[in-house]
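Reviewing the structure listed below.
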């Protein structure tokens with residue numbers, strides 16, 4: 001409970017890079033002893049979300065461009081693999097599951113319509129629905145280890161997006177997002193190459209948008225050092241007209 005609560009605060013931007021967390025304050029706020037608070041904070045240090053600071057407490061890990069590039073390099077490869085495997089295994093049952101998930105997502109969008117984008121419930125719900133689409137694609141791969149790895153990377157990426165005002169509250173979930181629709185259509189058509197191309201385009205757009213939002217004073221990403229360039233230039237991707 002303590003671990004999940006603190007992690008959720010980091011992933012939704014309620015605590016930001018550089019903020020200090022102290023075990024005694026966490027324990028008091030959550031009405032628990034210091035032991036579970038310490039254990040939760042140490043676990044988050046091990047996962048890279050916090051940095052232990054002697055005589056200070058724990059600070060939320062700062063962000064930097066190299067870390068973002070590293071994560072995108074890994075994520076694009078894993079999600080391309082997941083999309084290719086999903087296309088090979090797609091069934092009518094998967095189609096029904098996605099249709100139901102989309103309908104439920106749109107019901108949530110309607111329920112929260114008009115609420116402040118800073119409302120914690122809006123942030124948590126919309127970001128969760130965005131994650132759900134990617135996790136459902138990953139799960140279709142049939143590879144549980146791959147699905148877990150993609151989920152972990154999504155957590156790490158979400159803490160970056162949480163720093164972009166209003167991003168996590170957007171209603172571009174499931175088929176409300178044209179790029180999600182494009183990826184799904186390719187998978188449903190069992191077109192692994194097109195599914196891969198769609199994932200690359202989606203994540204490349206994500207990378208450039210995130211870079212521009214977090215580092216507005218930096219020059220645009222140089223194509224020669226674009227961390228997705230070698231994936232995008234793969235002949236299997238290029239032959240699809242991407």
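Values in this text are rule-based calculations from the coordinates and carry no lab data. It should be emphasised that the depicted structure is a prediction, and the values quoted were computed from it without experimental measurement. Cβ coordinates were reconstructed from backbone atoms using ideal geometry, including for glycine residues, and neighbour counts include every protein chain displayed.
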* Structure fact -> Computed over the chain: longest principal axis from alpha-carbon atoms vs helix 65-89 long axis, angle to nearest 10 degrees, is 50
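Please report the relative contact order for the stretch 65-238, taking Cα pairs under 8 Å with a sequence separation of at least 6, and give it as a percent rounded to a whole number. Mind showing how you got there, number by number?
On the way: 179 pairs, mean separation 61.8, N = 174.
Once divided by the residue count of the stretch 65-238, the mean separation gives 36 percent.
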* Asked: Arranged by the count of other C-beta atoms within 10 angstrom, fewest first, what order do 204, 16 take?
  -> 16, 204
* Structure fact -> Counting only backbone N atoms under 16 Å from a point 7 Å out along Cα-to-Cβ of residue 89, the residues of the stretch 174-210 in range are 187-188, 190-192
* To do: Consider just the alpha-carbon atoms of the stretch 2-60 and return their Rg together with their Dmax, both in angstrom.
  => 10.2, 27
* Could you work out how far helix 92-111 tilts from the main Cα principal axis of the chain, as a 0 to 90 degree angle to the nearest 10? => 50
* Choose one answer from 47, 218, 67: the residue with the largest mean-square fluctuation in a GNM of the chain with alpha-carbon springs under 10 Å. => 218
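Given 0.36 nm per residue, what is the gain on full extension from residue 33 to residue 118 after removing their alpha carbon distance, in nm? Present the calculation step by step, with values, prior to reporting the outcome.
Working: separation 85, 0.36 × 85 = 30.60 nm, distance 3.05 nm.
Fully extending the segment from residue 33 to residue 118 adds 27.6 nm.
Going by C-beta contacts inside 10 Å, put 91, 152 in order with the fewest on the left. Don't skip to the end; give the middle numbers.
On the way: 91 10, 152 14.
Ranking 91, 152 by Cβ neighbours within 10 Å, fewest first, gives 91, 152.
Given the alpha-carbon gyration tensor of the stretch 148-216, what are the semi-axes of its equivalent ellipsoid in whole angstrom, ordered largest first, with each equal to the square root of 5 times an eigenvalue? Spell out each step's value before the answer.
Details: eigenvalues 111, 35, 31 Å².
They are 24, 13, 12 Å, listed from largest to smallest.
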* Structure fact -> Summing -39500 (n - 2.57) over every DSSP H run of at least 4 residues in the chain and dividing by its residue count gives a helix-only mean residue ellipticity at 222 nm, to the nearest 500 deg cm²/dmol, of -21000 deg cm²/dmol
* Where the centroid of each part is defined by its Cα atoms, how far is the stretch 83-105 from the stretch 147-165 in Å? -> 22
* **Packing-based exposure ordering (other Cβ within 10 Å, fewest first) of 7, 110** => 110, 7
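Taking only C-alpha pairs under 8 Å that are 6+ residues apart, what is the relative contact order of the stretch 2-60 in percent?
Relative contact order for the stretch 2-60 comes out at 43 percent.
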* Structure fact -> Helix 2-11: inclination vs the chain longest Cα principal axis, degrees, rounded to 10, gives 60
